[in-house]
Amino acid sequence: MTGSMVKRGVEFSQRMSEMRCQVHSFGLTPYKQADLWQKGHVQHHALWLDWHKRRPTTSAQRRRSPARRLNQIMQDFGHKKIDVLEADLASAEWKILESILVDGTAAAVHQLILAIHLHWPGFEVSGSEAAVVRYWYSLLKALEARGFRLFHSFKDLQKPQLFLHKELFNASSSYTLSWVNTYWMY
């Protein structure tokens, strides 16, 4: 399974689909735009990733809730692994990264392409600047400890040059980081 949680990921998802990969995209895309995703093997789902644990629900309640943890999405679709997970989570990436590291779901991901946002701490992340940076760093080190190796980074120069609400020369508020899981088993 290849998963994309990126609004701009249409091209990537369609190319993966052309290679006969099973591709799922997630997000609250308007219906007319969702038609674009239905070409080929790309299946669009009107839900988004969440990091909160939910109380057990009936299947009818689950269908009404558009938010799920990654392990719940995998379980709902019957998937045991994800070949490529591409995600731009609009500042929720830090809490979602923490949740997939804590619950072990990260081990099921072979390649992780993640847009990270540094212009503010992120959802439910607080503390001094030093504490926020330590938290971010701890998550990146936890990825590394689980066998993930960074193989590509991209600095989006079109984004503002902000870091925790401050202008910073030669920086970007958004980076795309790509890792491969060296412990991943086929």
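Name all residues of segment 76-111 having a backbone nitrogen under 15 Å from the label point set 7 Å from the Cα of residue 120 along its Cα→Cβ direction, giving them as ranges. 89-95, by backbone N distance to the label point. Accessible surface area normalised per residue over segment 74-186 is 54 Å², counting heavy atoms of protein chains with a 1.4 Å rolling probe. Each label point was placed 7 Å from the Cα along the Cα-to-Cβ direction; for residue 185 and residue 52 their separation is 3.5 nm. Dimensions of segment 70-186 along the principal axes, based on C-alpha atoms and rounded to the nearest Å, stand at 44, 27, 25, largest first. Surface composition of segment 81-186: carbon plus sulfur atoms hold 60% of the accessible area, using a 1.4 angstrom probe and ignoring ligands, DNA and RNA. Of the GluC sites (Glu not before Pro) found in segment 110-186, the ones in coil according to DSSP and having at most 16 other Cβ atoms within 10 Å of their Cβ are 124.
When the surface is traced with a 1.4 Å probe over the full set of protein chains, residue 183 keeps roughly 140 Å² accessible.
List the relative contact order of segment 70-186 as a percent without decimals, with contacts defined as Cα pairs under 8 Å and 6+ residues apart. Relative CO of segment 70-186 lands at 30 percent. With the cut-off at 25 Å, tell me which of the pairs 95/166; 53/81; 53/166; 53/80; 81/159 have Cα atoms farther apart than that. Correct reply: 53/166; 81/159. Using a ≥ b ≥ c from the Cα gyration tensor of segment 130-180 (square roots of the eigenvalues), is it rounded, prolate or oblate, where a/c under 1.5 gives rounded and otherwise the larger of a/b and b/c decides, a/b for prolate? In terms of gyration-tensor shape, oblate.
The values are calculated or read from the model by the stated rules, or taken from the named source; none is laboratory data. Given the structure is predicted, the values throughout are model-derived calculations rather than measurements. Ideal geometry is used to build each Cβ from the backbone, glycine not excepted, and the neighbour counts take in all protein chains shown. Heavy atoms of the whole protein, side chains included, go into the accessibility calculation; ligands, DNA and RNA do not. Shrake-Rupley method; radii C 1.70, N 1.55, O 1.52, S 1.80 Å.
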